[in-house]
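Structure record follows, encoded as structure tokens.
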Amino acid sequence: MRGNTHFVVLTTKFEPQANADESVTTYTFGMRKHAFCKVCGITSYYTPRTNPDDLVVTAACLDPVTLDHVEYRKADGRK
């Protein structure tokens, strides 16, 4: 419903910008970790419960140049 275009990244390949703490706050419960923008509240990235070695990153939170090599595929959430 929230139009969350996102992709999965290994936690070992993900590195937030040096000043990310200024604009992102983290909410942790159990093994899951969600990072939210302090200004607009969008979920920037989170640890999925199905695989804690991955991060799910919201595409809208990235510089568009970063996404030049990303292939978008639609998923049918009902199947």
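Details
- Multiplying the residue separation of Phe7 and Glu22 by 0.36 nm and subtracting their alpha-carbon distance yields 3.1 nm.
- Mean separation of Cα contacts under 8 Å (6+ apart) over length of the chain, as relative contact order %: 28 percent
- Label-to-label distance for His34 and Thr50 is 1.8 nm, based on points extended 7 Å past Cα in the beta-carbon direction.
- Cβ-based charge dipole, the range 6-67, positive-most Cα from Val9, Ala35, Asn51: Asn51
- Whether the range 6-67 is rounded, prolate or oblate, judged on the alpha carbon gyration tensor where a/c under 1.5 counts as rounded: oblate
- Here's how it looks for Ile42: its modeled amide H is under 5 Å from those of Cys37, which are all 5 or more places away or on a different chain.
Values in this text are rule-based calculations from the coordinates and carry no lab data. What you see is a predicted model; the values in this text were computed from it and never measured. Backbone-built Cβ (ideal geometry, glycine too); neighbour counts: all protein chains shown.
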